[in-house]
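Here's the structure, in structure tokens; my notes come after.
Coordinate-derived values only; no laboratory data. Model, not experiment: these values are computed from the prediction. Note that we place each Cβ from the backbone using ideal geometry, even for glycine, and neighbour counts take in every protein chain shown.
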Amino acid sequence: MNLAEMKTKSMVMLAGLIVVVNGFFPAVWIFFTSLKTESELLQFPITYIPRDPTLVNYYQAFTEKPLHLFILNSVIVAGASTIITVFVAALAAYALTRLKMPKRNLLMSLLLAVSMFPLISLIVPLFQVMREIGLLNNYLSLILPYTVLSLPVCTLVMASFFQDISPDLEAAAMVDGCTRVQALFKIVMPLAAPGVFTAAILAFVNAWDEFLLALTFLSRESMRTLSVGITLYQGEFAFPWPLISAALIVAIVPVCILIAIFQERVVGGLTAGGVKG
Amino acid sequence: MKPSKDLSERALGWLLLAPVGILLALIVIYPVGQLIYSSFFTIRLTEPWLGTPFVGLENYAKAWEDERFWGALQNTILYIAITVPGSLAVGLGLAMLANLPFKRKWPVRLALLLPWALPLVFAGLIFRWFFDFKLGFVNDFITRFGFDPVPWLTNPTMAKIAICITIIWKSSSFMALVLLAGLQSIPKSLYEAAEVDGASKWVQFKEITLPMLVPAIFVALIFRTITAIQTFDIPYAMTGGGPGDSTETLAMYIHKNTLDFLDFGYGSALATIMFVVSIVATSGYLRYTQRSAGRD
């Protein structure tokens, strides 16, 4: 290897390092903090790497607040809305790509427009509606709006996958006596499984991350989702950072694992649908 | 037989679209109607004896006179003006770096995905702590270089800067992902040809990369602008709008009016104003997509 090659190689390494540090730094920082004791945190000057690592913050994160309930609530809300979103979006994507629909582009654009509605504008009337029909502090008050939030993106992602499946396969299935809807679920959906899966991950992450609606509609502590629950560890003036860090790590690790395993799909889905971020 | 088959296909299409339609009607269209309607009434849950009288445009007139509203609007515009170009610049930088030929692609890709997947409110919490006066990492870092510690979150101007930095960090990685997809779709042959013609890297960037990236940049900018209009989570977690109301955004002020002051009439008027602003931004986007769809 000559000098010029080595120079290029180390420049590439440096570029990669910049991107990696930029992305990982906050997560690594809170991980280190979650292992610190309260007294080490208050030391001045601050320490970067914990001196005597401890897991006590993880234990306390569960005893101080019902972290296990926050997790359960997030799983229920994100899980249910993901399932409904994928199902409803699959039907719509099928109609928009495989059937001869009038004004297809207009329908797609309208759907995209909905994804850009300011949530805060919806919160005021939705809060009134939820209060009237008694859905406050009910999982449905989040599941339904989350479904709508992810519908446009999921529909677009699945539509782009459905488009690539040959219509001959469906035609063959229908010759064999399948109805159109059966063909959708037995032929098209399995073939578009990667697309369905990508849509599901996007919908799940969207729901897992949402804060504003969750803060507003599920106000009882035992009903809080993770994104809101984590903010409850702080007192008015006190910030138990090691405790908050431990809870944060617990909250982000499942999603991190999910996107680490399926990163190529997620990137493909994000850039195909042009999701908001 | 042909026409009847087409008709049934169309009927099935509408049937399959019906669930989307019902959900949208329930969660978006009806509430928006209710929002605009409520904005013409006095609805104060703290003063139930007032009833809910029709007041015409009084809530809008109140906003016109409300200094806190203008302050929140000003902050929102400031965050848009700084973070949209800021996160485009950082995102483009990250995308260019991530587009280099790495042996292992996953660390870089994951590094771009992590900030995207991190909830906004968590980013706000983590950066609030980075910017802490005494225990924060930022002040520790700058004092090591001999500078004085900066009161990041207790000084109105510094707090705005800290919030903008956090928003740019959080949103630039999504920008980078969209732009990276754009970069990767540029045919390599263009660069090879430029190389043969002896064009420098900078000329290649200016004459090939940027023009080819325009569609991706446009999409990324529109999405960023629309989310920037709604900025809530990050200032909420970092400063709660303080010190005073100096970092409060429009979304935070709407939330405060409705959920804390329980003034639904006024909150609805403010939310309607925001809704109209978003519609303008969205229609710009739609016109662009319709035009590019027509080109295909």
Normalised contact order of chain A, rounded percent, pairs of Cα under 8 Å and 6 or more residues apart: 30
Tensor-based shape of region B:92-148 (alpha-carbon gyration tensor, a/c under 1.5 rounded, otherwise prolate or oblate): oblate
Cα convex hull of chain B: mean projected area in nm², to one decimal? 24.4
Arrange B:ASP263, B:ASP233 by Cβ neighbour counts within 10 Å, fewest through most, would you? B:ASP263, B:ASP233
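If each DSSP helix of 4+ residues adds -39,500 (n - 2.57) and the sum is divided by the residues in the protein assembly as shown, what number results at 222 nm, nearest 500 deg cm²/dmol?
-23000 deg cm²/dmol, from helical runs alone.
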Restrict the search to region A:183-238; then list the GluC sites (Glu not before Pro) that DSSP places in a loop and that have at most 14 other Cβ atoms within 10 Å of their Cβ. A:GLU236
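Can you give the relative contact order of region A:144-211 as a percent, counting alpha carbon pairs under 8 Å and 6+ residues apart? Mind dumping the intermediate values first?
Working: 37 pairs, mean separation 33.0, N = 68.
That works out to 48 percent.
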Whole-Å distance linking the alpha carbon centroid of region A:53-78 with that of region A:163-192 is 44
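First obtain the Kirkwood hydrodynamic radius of region B:77-251 from its Cα pairs, then insert it into the Stokes-Einstein equation at 20 °C and 1.002 mPa s, and state the resulting D in µm² per second as a whole number. Kindly include the intermediate steps, with their values, before the conclusion.
Numbers: Rh = 17.8 Å.
Using the Kirkwood radius from Cα pairs, D works out to 121 µm²/s.
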Ranked list, fewest to most other Cβ atoms within 10 Å of each Cβ, for B:ARG128, B:ARG44: B:ARG44, B:ARG128
Note the angle between two axes, namely the Cα long axis of helix A:67-98 and the longest principal axis of the Cα atoms of chain A, as a number of degrees from 0 to 90, rounded to the nearest 10. 30
Of B:ALA216, B:ALA111, B:ALA199, which is the most mobile in a GNM of chain B whose springs link Cα atoms less than 10 angstrom apart? B:ALA199
Hey, can you grab everything whose amide H is under 5 Å from the amide H of B:PHE41? Only 5+ residues off in sequence or another chain; H modelled, so Pro and N-termini drop out. B:VAL55
Prolate/oblate/rounded call for chain A, Cα gyration tensor, a/c under 1.5 rounded: oblate
For region A:168-277, listing trypsin sites (Lys or Arg not before Pro) in a DSSP loop whose Cβ sees at most 16 other Cβ atoms within 10 Å gives A:ARG220
Partner shielding of A:106-116, as the mean number of partner chain Cβ atoms within 10 Å, equals 5
When only C-alpha pairs under 8 Å and at least 6 residues apart count, what is the relative contact order of region B:77-251, in percent? 35
Averaged over peptide A:88-100, how many Cβ atoms belonging to another chain are found within 10 Å of each residue's Cβ? 5
Residue by residue, what Karplus-based ³J(HN,Hα) values in Hz, rounded to whole numbers, does region A:172-186 have, using 6.51, -1.76 and 1.60 with θ = phi - 60° and x for Gly and Pro? 4, 5, 6, 4, 6, x, 6, 7, 4, 5, 4, 4, 4, 7, 8
Provide the net charge surrounding A:PRO240, with neighbours chosen by a C-beta distance below 10 Å and charges set as Lys +1, Arg +1, Asp -1, Glu -1. -2
Report, in order of residue number, the helices in chain B meeting two criteria: a C-alpha extent of 18 Å or more along the helix axis, and a mean Kyte-Doolittle hydropathy of at least -1.0; treat each whole DSSP H run as one helix. B:2-24, B:67-98, B:156-184, B:210-229, B:264-295
Got a sec? How would B:VAL55, A:VAL124 order by Cβ neighbour count within 10 Å, fewest to most? B:VAL55, A:VAL124
Inter-chain Cβ neighbour average for residues B:40-50, partner chain, 10 Å: 0
Give me the one-decimal Kirkwood hydrodynamic radius in Å for the protein assembly as shown, with the sum taken over alpha-carbon pairs. 25.5
Listed pairs B:LYS105/B:LYS206; A:LYS36/B:LYS105; A:LYS9/B:LYS105; B:LYS160/B:LYS206 exceeding 21 Å between Cα atoms: B:LYS105/B:LYS206; A:LYS36/B:LYS105; B:LYS160/B:LYS206
For the Cα atoms of chain A, what angle does the longest principal axis make with the long axis of helix A:241-261, in degrees from 0 to 90, nearest 10? 30
Could you list the trypsin sites (Lys or Arg not before Pro) in region B:78-108 that lie in coil according to DSSP, counting only those with at most 10 other Cβ atoms within 10 Å of their Cβ? B:LYS103, B:ARG104
Angle between chain A longest axis and helix A:3-34 axis [Cα atoms, degrees, rounded to 10]: 80
